[in-house]
């Protein structure tokens, strides 16, 4: 990490670009690099150094501000942070010349609807929301409904027992949802993916619904240890008697992509998509 920050600082100085870093990285940054203040300073580009979790956190921190995000992979998989740190200066040069595209990924918004009908503060995710019990894997019984946005009446899908439920964007289709048996969905598809986690029935399978629909999830039994998790990072308690409504948000996060990068190439490289065993 410090070496990558030094390289960024050297590039910024050479190209007369202002560079600032998060508070917790300030001690590792070269002398003269400022601490980042997203509220006060104009930002033209956010560079996330790490894995996909770092990129997700970076994207949420600037959500709604139309700031492009460039992910530089310092970890192992790095499905979203598809740029290797060995290619950093090369691709920063391409950025400076305008030789890139913005891949706009939409996000999800969740609201807790309390027993008295009041609406909680919005939660944002651009991978997924997960409804599950706090602590170890424990079975919960959930009720699931959907409705077209702008329509009052809900359609009842059904009730089921499982370790939880994932509601994902196409961006999140290759994350937790995929591990739980959900489908791979091309990011440009307008949809929500509903994936049960270890359902206790063969009749409950993943669903793909239009992004024009909202999802309502409520526990069948009153419980005090249910939570809603956004992108595996932000945890919100799920109060007894409440339900959660999840829908597509108007907020999009622009990911920086370069000419040679494409979704299926990343699938092949990172997830061994359609890989054949060697003879």
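Couple of notes before you dig in:
- Cα centroid separation, the stretch 250-279 to the stretch 87-156 (Å): 21
- Principal-axis tilt of helix 2-14 within the chain, Cα atoms, nearest 10 degrees: 60
- Paramagnetic reach from residue 114 in the stretch 241-269 [backbone N under 11 Å; point 7 Å along Cα→Cβ]: 242
- Calculated P(r) of the stretch 10-126 - Cα pairs past 20 Å, %: 52
- Percent of Cα-Cα distances greater than 22 Å, calculated over the stretch 107-250: 30
- Approximate spin-label separation residue 93-residue 250, in nm, with each point projected 7 Å along Cα-to-Cβ: 4.2
- Cα shape, the stretch 213-279, gyration tensor, a/c 1.5 rule: prolate
- Cα gyration tensor shape for the chain, rounded if a/c is under 1.5, else prolate or oblate: prolate
- Computed on the Cα atoms alone, the convex hull of the stretch 121-198 gives a volume of 119 cubic angstrom per residue.
- From its DSSP helices (H runs of at least four residues, each -39,500 (n - 2.57)), the chain gives a residue-normalised ellipticity at 222 nm of -4500 deg cm²/dmol.
Laboratory data are not the source of any read-out in this text; all were calculated from the coordinates shown. Please read all numbers here as calculations on a predicted model, not as lab measurements. Virtual Cβ from ideal backbone geometry, glycine too; neighbours counted across all protein chains shown.
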